[in-house]
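Working notes, beginning with the structure itself.
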Amino acid sequence: MDLQQIADRLEIQDVLTAYTRAIDTGDWDRLDTVFTPDAAIDYTQSGGIAASYAEVKPWLAEMLPIFPKRMHTLGQVDVAYDGDEADVTAYFHNPMLLPLGDGKERLVQFGGLYEHRMVRTDGGWRSRRLVEVVVWRQGL
């Protein structure tokens, strides 16, 4: 691995972190630093939608607040470079708390893989495609 690939890997990991922080904190505009405007996103394995970034961003803002407490953890990150593009797979664990009323909550968890196709842009690395692959779920 050369110095450029090391720098690229660090930037790609920062993009992955920006994604999870945006989702967990509800900072939906931060997703603009994660995805290209023409990105395709597929959340169907977790019960969500598959659509363009322009459609997914407001959908996330509408749907995810039903889980007011969200906290991603990312694990292994694999990057396979193809010039100014890269296939990136990151393990994830995503626990969320679902309010049930009367102060009770249910823990809902997903574990799986985020599979991105990332591209180098003038603004840095961005995801052009995200497929959320659910390996396991609990609490639903």
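A few points about this structure:
- Projecting the Cα atoms of Gly26, Val79, Ile6 onto the dipole axis of the range 1-135, where Lys and Arg carry +1 and Asp and Glu carry -1 at the beta carbon, places Gly26 farthest toward the positive end.
- In Hz, Karplus ³J(HN,Hα) per residue of the range 47-56 (6.51, -1.76, 1.60; θ = phi - 60°; x = Gly, Pro): x, x, 10, 10, 6, 6, 4, 4, 8, 6
- Label point 7 Å beyond Cα of Leu97 along Cβ direction - residues of the range 15-29 with amide nitrogen under 14 Å: none
- Label point distance in nm, Leu64-Arg21, each placed 7 Å from Cα along Cα→Cβ: 1.3 nm
- On a per residue basis, the convex hull of the C-alpha atoms belonging to the chain measures out at 100 Å³.
- When +1 charges are put on Lys and Arg Cβ atoms and -1 charges on Asp and Glu Cβ atoms, the dipole computed for the range 3-138 relative to its Cα centre reaches about 480 debye.
- C-alpha center-to-center spacing [the range 4-51, the range 89-140] in angstrom: 10 Å
- Positive dipole terminus of the chain, leading residue within Val56, Gly124, Val108 (C-beta point charges): Val108
- Relative exposure of Lys57, Lys104, judged by other C-beta atoms within 10 Å (fewest first): Lys104, Lys57
- Sorted ascending by nearby beta carbons within 10 Å, beginning with the fewest, Ile12, Ile23, Ile6, Ile49 become Ile6, Ile49, Ile23, Ile12.
- Assigned charges on the beta-carbon of Lys, Arg, Asp, Glu; the range 59-140 dipole about Cα centre (debye): 320 debye
- Among 76-84, 27-35, the peptide with the highest mean count of other Cβ atoms within 10 Å heads the list, and the full ranking is 27-35, 76-84.
- Crossing angle, helix 3-25 versus the chain [Cα axis fit, 0-90 degrees, rounded to tens]: 20 degrees
- Taking Phe67, Phe92 and counting other C-beta atoms within 10 Å, the order from fewest to most: Phe67, Phe92
- Fraction of beta bridges assigned by DSSP in the chain that are antiparallel (%, nearest 5): 90 percent
Values quoted throughout were computed directly from the atomic coordinates according to the rules given, and no laboratory measurement underlies them. Everything quoted here is computed from the prediction, not taken from an experiment. When we count neighbours, we look across all protein chains shown, and the Cβ atoms used for this are built from the backbone with ideal geometry, even at glycine.
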